[in-house]
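Every read-out reported here was derived from the displayed coordinates using simple, explicitly stated rules and does not represent laboratory data. Every value quoted in this text rests on a predicted model; they were computed, and no experiment measured them. Here the Cβ positions follow ideal geometry from the backbone for every residue, glycine too, while neighbour counts run over all protein chains shown.
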Amino acid sequence: MALRALTASYKVSRHQGLIKLPAAYLAGSRTFASGEQQDVVVVGGGPGGYVAAIKAAQLGMKVTCVEGRGKLGGTCLNVGCIPSKALLQSSYLYEESKHRLQKHGVIVDGTISIDMGKMMEQKTKAVNGLTSGIEGLFKKNKVTYVKGWGKLKSGTEVDVDLLEGGTTTLSAKNIIIATGSEVMPLPGIEIDEQRIVSSTGALELKEVPKKLIVIGGGYIGLEMGSVWSRLGSQVTVVEFLDTIVPTMDGEIRKAFQRSLTKQGFKFKLNTKVTSAAVEGDTVKLTVEPAKGGQPETLEANVVLVSAGRRPLTQGLDLEKAGVELDKRGRIKVDEHFKTSVDSVFAIGDVIPGPMLAHKAEEDGIACVELLAGKAGHVNYNTVPSIVYTHPEVASVGLTEEQVKAGGTKYKVGKFSMMANSRARTVDDAEGMVKFIADASSDKILGAHIMGASAGELIQEAVITMEYGGSTEDLARTCHGHPTLSEAVKEAAMATYSKPIHM
């Protein structure tokens, strides 16, 4: 089948273009034959799929992983989490050198400038190193890797349109669907990846736009907005709802928005985008109040569409195989990740739950452990969420609003990063740590952190919650000094008793 036909059948976004590959489409030391029945065929090589494949092989199964991108790692590694963090780091270093080094006595002579080519080269180097690393893990664990687009022929067969040309059919005792998600389109907005871009296009801009409009106030848009804001763009966030990152704890969210505003972000909340038109090097965006009203026109050099993602299930022929979807296009599964077809399972972004790479990985491990007769599980109450802006914001469990709405009696403890000695010495003391605990048992119900390294610090709360711990358990655990983690200890102390340094 022609590559164009393959792309059309799978409805792949333009930016996911197929990659020219060498003749060999297999990676791994297991000899492959299309007629040899596998214990598991995994369709999709992203965080959920490749982890499931490796774990299944480690448990003694014959495994084949089918991936149509031509590179393993999925959206996260190739055009999502990893390249965005590389650019966040590069832009942070630029901003630090331009605005903050002098106060530390570090004098940089001459003009500090940006080399976009070098910056993109560094990003690509990180991505390529990690993708090749996964192929190495496939070889080590004897996972067969087929480069092509898979679709279900039946509950035990997967047809693959090979990227090198031709087709093959894989037979399996069990099939795991792990195809991830794709950018949610907006009516009236056509993404060209030049002036109107998705998050993928925002990772590949050749120059810093003078004005950038981000449609959507979620974590992806705010992270990419941060990259280009640090490099010099005037960033405006247009959000349909009355708040950014609506899943975030309200107190933390307000502090977060204030911080971004100080950094130069502008916000237009309760605002609906109705159309976009490219005129030369300008995009004219028509917006109006979410509840209706007088339209207005906003102008920018680049518009980033970041209004969410949807499960990538089209083109898999799921219905033909008898696999049921819900109204949102997600695959229906039971507590063992089993679909409506006994031999077909699904994990990650294609099933209900947060669309996060680490959640997909946990799904993948639990799914194959259950297939192997083991006790695999995922505690979705302890899946952390992280926004990699500066300051970072991280959370796990319930927000204060959710606890209050549930009627549970609770208590709150907070500690300002301004009172943390390490944060003060490194001159990065914006933010706070907040715990919400059951009023009678002291069991942690939620934890929320805004500040430097919040994504690392939240893991203390994750582990404590995973084992049903209390804020006193955490507070009575010795923390090294001086460390940022002491703020977590102090917030825990503030919840069950009183902090020392506030």
Note to self: Taking the 0 to 90 degree range and rounding to the nearest ten, how far is the long axis of helix 250-262 tilted relative to the main principal axis of the chain, both from C-alpha atoms?
What the structure shows: 80 degrees
Item checked: Virtual paramagnetic centre 7 Å along Cα→Cβ of Val278, amide N under 13 Å, in region 171-195 -> 189-195
Margin query: Below 8 Å, C-alpha to C-alpha, sequence gap of six or more: please give me the relative contact order for the chain in percent.
Written below: 14 percent
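About its Cα centre, how strong a charge dipole does the chain have in debye, to the nearest 20, once Lys and Arg get +1 and Asp and Glu get -1 at the Cβ?
On the way: 58 positive and 56 negative charges, 57 e Å.
So the dipole magnitude of the chain works out to roughly 280 debye.
Would you kindly work out the equivalent ellipsoid of region 81-159 from its C-alpha gyration tensor and give its semi-axes, the square roots of five times the eigenvalues, largest first in whole Å?
Gyration-tensor ellipsoid for region 81-159: 44, 13, 11 Å.
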Checklist line | Theoretical FRET efficiency, 1/(1+(r/R0)^6), r = Cβ-Cβ of Gln402 and His481, R0 60 Å, to 0.05 | finding: 0.95
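For Ile458, what charge total do you get from the other residues with a beta carbon under 13 Å from its beta carbon, if Lys and Arg give +1 and Asp and Glu give -1? Working shown, then result.
Numbers: positive: Lys434; negative: Asp249, Glu392, Glu456, Glu460, Glu466.
Result for the neighbourhood of Ile458: -4.
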Item checked: Descending semi-axes in whole angstrom, ellipsoid equivalent of region 458-500, from the Cα gyration tensor -> 16, 13, 8
Check: Just from its helices, what would the mean residue ellipticity at 222 nm be for the chain, if runs of 4 or more DSSP H residues each count -39500 (n - 2.57) and the sum is divided by every residue, rounded to the nearest 500 deg cm²/dmol?
Finding: -9500 deg cm²/dmol
Notebook entry, point to check: What are the ³J(HN,Hα) values, in whole Hz, obtained from phi via the Karplus relation 6.51 cos²θ - 1.76 cosθ + 1.60 with θ = phi - 60°, for each residue of region 107-115 in sequence order, with x given for Gly and Pro?
Noted result: 9, 9, 7, x, 7, 8, 10, 10, 10
Margin query: Between helix 47-58 and the chain, what is the angle of the helix's C-alpha long axis to the longest principal axis, kept within 0 to 90° and rounded to the nearest 10?
Written below: 60 degrees
Next item on the list: Show which aspartates and glutamates lie in cross-link reach of Lys404 when reach means a straight Cα distance below 18 angstrom and same-chain residues fewer than eight apart are skipped.
Entry: Asp249, Glu251, Asp438, Asp442
Next item on the list: For region 360-485, evaluate the Debye formula with one uniform point scatterer on each Cα (no solvent term) and list log10 I(q)/I(0) at q = 0.09, 0.17, 0.20, 0.23 Å⁻¹, rounded to two decimals.
Entry: -0.30, -0.92, -1.14, -1.32
Checklist line | Unit charges at the beta carbon, dipole of region 271-353: most positive-side option, Gln314, Val333, Leu285 | finding: Val333
Check: Rg and Dmax of region 274-348 over Cα atoms: what are they, in angstrom?
Finding: 20.1, 54
Check: Using all Cα-Cα distances in region 420-493, what percent lands in each 5 angstrom bin from 0 up to the longest?
Finding: 3, 17, 30, 25, 15, 7, 2, 0
Margin query: Compute the helix-to-body angle for 486-496: its Cα long axis versus the longest principal axis of the chain, expressed 0 to 90° and rounded to tens.
Written below: 80 degrees
Item checked: Tail fraction, Cα-Cα pairs, region 116-185, threshold 20 Å, whole percent -> 54 percent
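Order of Phe415, Phe265 from fewest to most other C-beta atoms within 10 Å? If you can, show how the numbers build up before the last one.
On the way: Phe415 27, Phe265 21.
Sorted ascending by nearby Cβ count, the order is Phe265, Phe415.
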Notebook entry, point to check: What are the ³J(HN,Hα) values, in whole Hz, obtained from phi via the Karplus relation 6.51 cos²θ - 1.76 cosθ + 1.60 with θ = phi - 60°, for each residue of region 405-422 in sequence order, with x given for Gly and Pro?
Noted result: 5, x, x, 6, 6, 9, 9, 10, x, 9, 8, 7, 5, 5, 9, 9, 5, 5
Margin query: At a 10 angstrom cut-off on C-beta neighbours, averaged per residue, how do the peptides 137-143, 229-235, 163-169 rank from highest to lowest?
Written below: 229-235, 137-143, 163-169
Next item on the list: Express in nm, to one decimal, how much length is gained between Glu456 and Arg100 on full extension, taking 0.36 nm for each residue of separation and deducting their alpha carbon distance.
Entry: 125.8 nm
Margin query: How are the alpha carbon pair distances in region 325-389 distributed across 5 Å bins from zero to the largest one, expressed in percent?
Written below: 4, 18, 27, 24, 16, 7, 3, 1, 0
Check: For the chain, can you list the cysteines whose C-beta has no other cysteine C-beta under 4.7 Å from it?
Finding: Cys65, Cys367, Cys478
Check: Tally Lys/Arg at +1 and Asp/Glu at -1 over every other residue whose Cβ is under 13 Å from the Cβ of Val278; what's the total?
Finding: -4
Notebook entry, point to check: Which Cα, out of Ser226, Ile191, Ile215, lies furthest along the positive dipole direction of region 184-238 (beta carbon charges, K/R +1, D/E -1)?
Noted result: Ser226
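Send over the Kirkwood Rh of the chain, from the inverse of the averaged 1/r over different Cα pairs, rounded to one decimal Å. Intermediate results must be reported in sequence, preceding the final value.
On the way: mean 1/r = 0.0410 Å⁻¹.
Its Kirkwood hydrodynamic radius stands at 24.4 Å.
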Item checked: 18 Å tail of the calculated P(r), region 220-308, as % of Cα pairs -> 47 percent
Margin query: Check which residues have an amide H placed less than 5 Å from Val344's amide H, if you skip close sequence neighbours.
Written below: Ile175, Thr339
Check: Applying the Karplus parametrisation 6.51 cos²θ - 1.76 cosθ + 1.60 with θ = phi - 60° to the phi angles of region 397-404, what ³J(HN,Hα) value in whole Hz is obtained for each residue in order, glycine and proline being reported as x?
Finding: x, 8, 7, 4, 5, 5, 5, 4
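Pairs Lys103/Lys211; Lys62/Lys140; Lys266/Lys414: which exceed 19 Å Cα-Cα? Write out the running numbers ahead of the final one.
Numbers: Lys103/Lys211 29 Å; Lys62/Lys140 14 Å; Lys266/Lys414 28 Å.
Too far apart for the 19 Å limit: Lys103/Lys211; Lys266/Lys414.
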Note to self: Suppose we take every Cα in region 111-260 and form the convex hull; what volume per residue is that in Å³?
What the structure shows: 218 Å³
Next item on the list: Please give the contour-minus-distance gain from Ser421 to Lys409: 0.36 nm per residue of separation, less the Cα-Cα distance, rounded to one decimal in nm.
Entry: 1.0 nm
Checklist line | Per-peptide average of other Cβ atoms within 10 Å, ordering 219-226, 368-375 highest first | finding: 219-226, 368-375
